[in-house]
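Report on one structure; see the data block that follows.
The values are calculated or read from the model by the stated rules, or taken from the named source; none is laboratory data. Source: prediction; values computed, not measured. Neighbour counts are summed over all protein chains in view; Cβ atoms, including those assigned to glycine, are modelled from backbone coordinates with ideal geometry.
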Amino acid sequence: MDGSNPMMEQALALAASNAAQPKAMNKGAINLEKAREAAQEFEAVFISQMLKPMFEGMESDGPFGGGQAEAINRSMMVEEYGKQIAKSGGVGLADNVMAEILKMQETQ
């Protein structure tokens with residue numbers, strides 16, 4: 001096919017425009033999902049920082065307690081607690097952060 005058929009050209013143009021439309025509509029959904037993920041991640045970090053002092057005062061007992069490895073393990077555990085709390089609803093911070101992210105995107 002050499003592209004000289006007007007019907008074929010119209011069909012190709014229609015197919016191209018139809019293929020472009022879902023991408024444009026999905027872009028908004030992708031931005032919304034990315035905003036939700038960023039807000040939830042922010043809340044997880046915030047919760048982790050709030051939980052961190054609670055675990056700092058704990059001392060470990062026994063022959064295998066303490067040391068650098070336990071400090072690293074404890075910090076990772078606190079991060080995971082924050083992620084899980086945020087994932088299961090958190091403290092409501094993610095909704096406000098997401099609203100602000102979307103508001104900032106609208107002004108740009």
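If I filter the range 51-83 down to residues being under 17 Å from the mean Cα position of the chain (by Cα) and of a type outside the set (Ser, Thr, Tyr), which single residue comes out as surrounded by the most Cβ atoms within 10 Å (Cβ to Cβ)?
Ranking the qualifying residues of the range 51-83, first place goes to Gly82.
Considering only residues that are part of a helix (DSSP H, G or I) and either at pLDDT 85 or above or within 20 Å of Ser48 (Cβ to Cβ) (or both), which ones fall in the range 58-77?
Looking only at the range 58-77, we keep the residues that are part of a helix (DSSP H, G or I), and these are 67-77.
Answer for the range 58-77, where residues must be part of a helix (DSSP H, G or I) and either at pLDDT 85 or above or within 20 Å of Ser48 (Cβ to Cβ) (or both): Gln68, Ala69, Glu70, Ala71, Ile72, Asn73, Arg74, Ser75, Met76, Met77.
Would you call Val91 in a loop (DSSP other than H, G, I, E, B) and at pLDDT 90 or above? Let's see the steps before the verdict.
Values: in a loop (DSSP other than H, G, I, E, B): yes; at pLDDT 90 or above: yes.
When the stated conditions are applied, Val91 passes them.
Only one of (1) within 14 Å of the chain's Cα centre (by Cα); (2) of a type in the set (A, V, I, L, M, F, W, C); (3) farther than 15 Å from Glu41 by Cβ is not met by Ala86, so which one is it?
Answer for Ala86: the failing condition is (3).
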